[in-house]
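Worksheet: one structure, shown below.
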Amino acid sequence: MPSNNLIEIDFSRYQRWLNRAVGSEASFMVFDKDGAPLWGADNPLAVDLGQAIASANNEAAGLHRHNIGASKVALYQPLGFSNDGLLGWAAVVVDYFEENNAPIQVDQLAETMEDLVAGVMDEYNHKSDLEMMTEELGARYEELHLVYAVDQHVQTHAGEHEKVFQSLLQSAAEHLNVDVVAFVRPSKEICQYATSLSKEINNLDLVLVEMRGDLYRFVQASGETMVMNAADDPRRPYIFTDMPYKIIASPVYTDMKVDSLVVLLNHEHKPDFSNSDRKLADVLASQLSSLSNTYLLMESMSQFNQQLAMALIEAVEAKDPYTRGHSERVHYISMEIGKAMGLPPEELDDLHWGSLLHDVGKIGIPDAVLCKPSRLTKDEYTFIMVHPERSYEILRHIKHLEKAVLGARHHQEMYDGKGYPHGLKGEHIPLHGRIIAVADTYDSITSSRAYRAGRSHEVAMKEIERVAGAQLDPNIVEVFKKVVSTEPEWLQRFSIRREKI
């Protein structure tokens, strides 16, 4: 198959060049490496001459001679070489002459042919360079498009790590036109994948097992991207045995070690994976590596924050054993209300921390007041009233909690403005404070104290309905009523008493 760049050359220009050089219409022909005519095919000598030149296979530089009967001579010269070998030949037919008695015009023709072939090769190389630049720009565009797609998926599913990966893998499968794209992290038992199948894969489960097994171990050991196209690839007896799929496996690094893979997989009938495909797989692996490392850091920070929060809660509950579990219950119920209200993820995150830490300020209340079994005096109640503000003072220095602390600070405000610490009224009370207030009121009624047993769910709901519009936000009370109307499992899990009907 001749080079496309050679076919695209306008040889009529070189025909005119040669005509001017010899002063008449020259019998000029160009052949590909197999002897097929690319120019001058209408010449009756072209087919036989092309075959004769190709059969001689004379690739040496300079002008060569081929006699055509007793009346004509073909002078031909190799065009040049590409990565696939010789491109072809340029030839001109002249009247017969003896080799030891060549006219002076032959020397002039030889120089012209040398210049002409150099011109053809300059144009060929220019077209080849342009084609390579186009391919490179196309590859860079594909890479940029992939990076942009990653960024878009991260923004679209901010905070939803699994959704980001799944959406990104699906987009990559479709964009790269591969049957399977997978992200494999055996240490965490993660194998997320997406498909854009050209035809069914009946043994997909086995394919995924192989990705987590021998394929992962091979790439982890080599630390390099692996491309396996050929059915007789010497690695097949050890990797994807009896599975003739085409594969690219790119390593994903965490702390300078391979801990994950990005795998592209195609059926054997599809074209081989190219070097460009390999680069795109490496780009995808690099992007997923950055995402993965970010998520691991966020997960680590989240675990630390959760452990720190639980330590603070333990410190509070150690002071008053009768309130053990109160913070977790208020947190859970607040989150159920927030979800039922359709709060966005970032607000739910703030509600998460605000509700969990709403009573952390009780650390500063004297044990004698906090654990007193009888009615509090006015001064003792004043100590209790300080705890929301103490919660704020403790938590306000943590940047991540700057919005979450509003719920903790204002959960004792009343809807009619008679609460504390600031006497805020109605919707001037931060939303999270109003949500936590409902959950806190419910748990306070249904939880046991040193001086009484916890009251029933039915009693708590009657009391909450009674104070709606005065102590509690009536709209949030309505949401809470809908939440509990479904008889959620936590009613039993939290051992809430029920009245027999």
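Give just the number: which of (1) among the aliphatic types (A, V, I, L, M); (2) touching a Pro at 6+ places or on another chain (Cβ under 8 Å); (3) more than 23 Å from Gln170 (Cβ to Cβ) does Leu261 not satisfy?
(3)
Residues that are buried (at least 16 other Cβ atoms within 10 Å of the Cβ) and of a type in the set (A, V, I, L, M), at least 1 per element: which strands (runs of 3 or more DSSP E) completely within the range 1-112 meet that?
Values: elements: 27-32, 37-39, 64-68, 72-78, 88-95.
Hits in the range 1-112: 27-32, 37-39, 72-78, 88-95.
Could you list, in sequence order, the residues of the range 174-194 that are assigned to a loop (DSSP other than H, G, I, E, B), open to solvent by 20 Å² or more (accessible area, probe 1.4 Å) and either within 17 Å of Ile248 (Cβ to Cβ) or touching a strand residue (DSSP E or B) at 6+ places or on another chain (Cβ under 6 Å) (or both)?
Answer for the range 174-194, where residues must be assigned to a loop (DSSP other than H, G, I, E, B), open to solvent by 20 Å² or more (accessible area, probe 1.4 Å) and either within 17 Å of Ile248 (Cβ to Cβ) or touching a strand residue (DSSP E or B) at 6+ places or on another chain (Cβ under 6 Å) (or both): just Asn177.
Just need a number here: residues in the range 480-500 that are more than 15 Å from Val459 (Cα to Cα), in a helix (DSSP H, G or I) and not charged (D, E, K, R).
3
Looking at (1) in contact with a Phe, Trp or Tyr (Cβ under 7 Å, 6 or more places away or on another chain); (2) closer than 24 Å to Gln166 by Cα; (3) open to solvent by 50 Å² or more (accessible area, probe 1.4 Å), can you tell me which one Glu268 breaks?
The number of the failed condition is (2).
Does the range 127-144 contain at least one residue that is open to solvent by 30 Å² or more (accessible area, probe 1.4 Å), out of contact with any Leu (no Cβ under 9 Å at 6 or more places or on another chain), outside any strand (DSSP E or B) and modelled with pLDDT of 80 or more?
no
Based on this model, can you work out whether Arg212 counts as open to solvent by 20 Å² or more (accessible area, probe 1.4 Å), in contact with a strand residue (DSSP E or B) (Cβ under 6 Å, 6 or more places away or on another chain), at pLDDT 85 or above and of a type outside the set (A, V, I, L, M)?
Against the criterion (open to solvent by 20 Å² or more (accessible area, probe 1.4 Å), in contact with a strand residue (DSSP E or B) (Cβ under 6 Å, 6 or more places away or on another chain), at pLDDT 85 or above and of a type outside the set (A, V, I, L, M)), Arg212 qualifies.
Just to be sure I understand, how many residues within the range 415-431 are among the hydrophobic types (A, V, I, L, M, F, W, C) and either in contact with a helix residue (DSSP H, G or I) (Cβ under 7 Å, 6 or more places away or on another chain) or in a loop (DSSP other than H, G, I, E, B) (or both)?
Final tally of qualifying residues: 2.
Restricting attention to the range 196-203, does a residue exist that is of a type in the set (Val, Ile, Thr) and at pLDDT below 85?
Taking every residue of the range 196-203 in turn, none turns out to be of a type in the set (Val, Ile, Thr) and at pLDDT below 85.
Can you pull out the helices (runs of 4 or more DSSP H) entirely within the range 374-414 that have at least 2 residues that are out of contact with any helix residue (DSSP H, G or I) (no Cβ under 9 Å at 6 or more places or on another chain)?
Output list reads 378-385.
Can you work out which of the residues in the range 250-265 that are open to solvent by 10 Å² or more (accessible area, probe 1.4 Å) and at pLDDT 85 or above is nearest to Glu200 (Cα to Cα)? Spell out the reasoning first.
Keep residues of the range 250-265 that are open to solvent by 10 Å² or more (accessible area, probe 1.4 Å), which gives 251, 253-259.
Adding the requirement that they be at pLDDT 85 or above leaves 251, 257-259.
Values: Pro251: 26, Lys257: 34, Val258: 31, Asp259: 29 Å.
Filtering the range 250-265 for residues that are open to solvent by 10 Å² or more (accessible area, probe 1.4 Å) and at pLDDT 85 or above, the one nearest to Glu200 (Cα to Cα) comes out as Pro251.
Identify the single condition in (1) surrounded by fewer than 21 Cβ atoms within 10 Å (Cβ to Cβ); (2) within 24 Å of Val283 (Cα to Cα); (3) touching a strand residue (DSSP E or B) at 6+ places or on another chain (Cβ under 8 Å); (4) not hydroxyl-bearing (Ser, Thr, Tyr) that Ile247 does not satisfy, given that it satisfies every other one.
Of the numbered conditions (1) surrounded by fewer than 21 Cβ atoms within 10 Å (Cβ to Cβ); (2) within 24 Å of Val283 (Cα to Cα); (3) touching a strand residue (DSSP E or B) at 6+ places or on another chain (Cβ under 8 Å); (4) not hydroxyl-bearing (Ser, Thr, Tyr), the odd one out for Ile247 is (1).
Restricting to the range 434-492, and then to whatever is touching a Pro at 6+ places or on another chain (Cβ under 6 Å) and not hydroxyl-bearing (Ser, Thr, Tyr), can you tell me which residue is most open to solvent (accessible area, probe 1.4 Å)?
So the residue we want is Ala450.
Taking only the range 390-409 into account, find how many residues are touching a Gly at 6+ places or on another chain (Cβ under 7 Å) and either surrounded by fewer than 18 Cβ atoms within 10 Å (Cβ to Cβ) or farther than 22 Å from Val369 by Cβ (or both).
Total satisfying the criteria: 4.
With respect to Ser55, is the statement that it is farther than 26 Å from Arg20 by Cα and touching a residue at least 60 places away in the same chain (Cβ under 8 Å) true?
Spelling it out, it is not the case that Ser55 is farther than 26 Å from Arg20 by Cα and touching a residue at least 60 places away in the same chain (Cβ under 8 Å).
With respect to Val477, determine if the residue is in a helix (DSSP H, G or I), modelled with pLDDT of 95 or more and under 41 Å from the mean Cα position of the chain (by Cα).
no
Here are Ala439, Ala460, Ala470: which of them is closer than 17 Å to His358 by Cβ and not in a strand (DSSP E or B)?
None of the others qualify; the one that does is Ala439.
Yes/no matrix, rows are residues, columns are (1) modelled with pLDDT of 85 or more; (2) open to solvent by 70 Å² or more (accessible area, probe 1.4 Å); (3) of a type in the set (Ser, Thr, Tyr):
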position	(1), (2), (3)
Gln306	no, no, no
Val316	no, no, no
Val330	yes, no, no
Pro345	yes, yes, no
Asp379	no, yes, no
His387	no, no, no
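Enumerate the pairs (first residue in the range 482-501 and closer than 13 Å to Glu336 by Cα; second residue anywhere and open to solvent by 90 Å² or more (accessible area, probe 1.4 Å)) with beta-carbon separation below 9 Å, excluding pairs fewer than 6 apart on the same chain, so at least 6 apart or on different chains.
These pairs meet every condition: Val483/Lys339; Leu491/Arg498.
State whether the residues of the range 195-207 include one that is acidic (Asp, Glu), surrounded by fewer than 20 Cβ atoms within 10 Å (Cβ to Cβ) and not in a strand (DSSP E or B).
Yes: one or more hits.
The values are calculated or read from the model by the stated rules, or taken from the named source; none is laboratory data. Since the model is a prediction, treat every value here as computed from it, not as a measurement. Reconstructed Cβ throughout: ideal geometry from the backbone, glycine too, with neighbour counts over all protein chains shown. Heads up: the accessible areas ignore ligands, DNA and RNA and are worked out on the full protein's heavy atoms, side chains in. Shrake-Rupley method; radii C 1.70, N 1.55, O 1.52, S 1.80 Å.
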